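The values are calculated or read from the model by the stated rules, or taken from the named source; none is laboratory data. Remember, it's a predicted structure, so these values are computed and weren't measured experimentally. When we count neighbours, we look across all protein chains shown, and the Cβ atoms used for this are built from the backbone with ideal geometry, even at glycine. All accessible areas refer to the heavy atoms of the entire protein, side chains included, with ligands and DNA or RNA removed. Shrake-Rupley method; radii C 1.70, N 1.55, O 1.52, S 1.80 Å.
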Amino acid sequence: MTHTLPKLPYSPEALEPHISKKTIEYHYGKHHMTYVKKLNDLIPGTPFEESSLDEIVIKADGGVFNNGAQVWNHTFYWEGFSPNGGGEPEGKLKEAIEAKFGSFEKFKEEFTGAATTLFGSGWTWLVRNQDGKLEIVKTGNAGNPLRDGKTPLLTCDMWEHAFYLDYQNRKPEYLAAFWKIVDWNKVAGRL
Ligand code: MN
């Protein structure tokens, strides 16, 4: 089966000024697309010719895993944003965040701290663990919490290509911008 680059759920300039059109053109149009192309190049002759992307993320290793998980992670990242995003979660998601972290503000602080201290390239996630509780986890490189049986709810790409054009080394500014575009309805739907 051939994997494809999913359409962005908004136009390339829709997240400005938080994420620039130029970043989207490179990050989605080149990085994300290249992971899709490489995945399709690597799959023939492996046990993953008919596998879904989820199966690849959970079971593959080496280049098939690296490119497959990067496709999955980027699609999930883009889908977590909306030009009308930001604000605060409501309902069950709000309750779950308050139960685990004390308050939405404390959750944001903890997630921001995890993201800005991640060493090297990787991802910071809000997940639901096997006990149904929320957790913040970091993964290096293409890592994905599905491999540990956890359900991803929200992710922040901490590879430099995600923020360097807009914020250079100022990771806290990238995180401040990130909170202004998170689509909490989408995150709640993943819970
Ligand atoms: Mn990326």
Breaking point among (1) outside the structural domain of Tyr35 (by TED's automatic domain parsing); (2) open to solvent by 20 Å² or more (accessible area, probe 1.4 Å); (3) part of a helix (DSSP H, G or I); (4) touching a residue at least 24 places away in the same chain (Cβ under 8 Å), for Ala115: (2)
Conditions (1) open to solvent by 60 Å² or more (accessible area, probe 1.4 Å); (2) within 16 Å of the ligand (Cβ to nearest atom); (3) within 24 Å of Pro17 (Cα to Cα): number failed by Lys38: (3)
Checking Ala99 against (1) within 16 Å of the ligand (Cβ to nearest atom); (2) in the same structural domain as Val182 (by TED's automatic domain parsing); (3) in a helix (DSSP H, G or I), the condition it does not meet: (1)
Residue satisfying all of: in region 139-149; in a loop (DSSP other than H, G, I, E, B) and open to solvent by 40 Å² or more (accessible area, probe 1.4 Å); farthest from Val64 (Cα to Cα) among these: Gly149
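Return the total of residues in region 34-53 being out of contact with any helix residue (DSSP H, G or I) (no Cβ under 7 Å at 6 or more places or on another chain) and farther than 23 Å from His161 by Cβ. Steps first, answer last, please.
Within region 34-53, the subset out of contact with any helix residue (DSSP H, G or I) (no Cβ under 7 Å at 6 or more places or on another chain) is 34, 37, 40-41, 44-45, 47, 49-52.
Those left that are additionally farther than 23 Å from His161 by Cβ: 44-45, 47, 49-52.
So the answer is 7.
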Residues (outside any loop (DSSP other than H, G, I, E, B) and closer than 16 Å to Leu191 by Cβ) located in region 81-95: Gly91, Lys92, Leu93, Lys94, Glu95
Filter result (within 16 Å of the ligand (Cβ to nearest atom) and either modelled with pLDDT under 95 or over 17 Å from Gly68 (Cα atoms) (or both)) within region 150-160: Leu154, Cys156, Met158, Glu160
Region 128-162, residues that are under 11 Å from the mean Cα position of the chain (by Cα) and of a type in the set (Val, Ile, Thr): Thr139, Thr155
Any pair with Cβ under 9 angstrom, 6 or more apart, that starts in region 55-75 at a residue that is assigned to a loop (DSSP other than H, G, I, E, B) and ends at one that is open to solvent by less than 10 Å² (accessible area, probe 1.4 Å) and within 16 Å of the ligand (Cβ to nearest atom): Ala60/Gly68; Ala60/Ala69
Flag if Asn185 is among the polar types (S, T, N, Q) and within 26 Å of Ser20 (Cβ to Cβ): yes
Considering residues of region 118-138 that are part of a strand (DSSP E or B) and hydrophobic (A, V, I, L, M, F, W, C) only, the residue nearest to Lys38 (Cα to Cα): Trp123
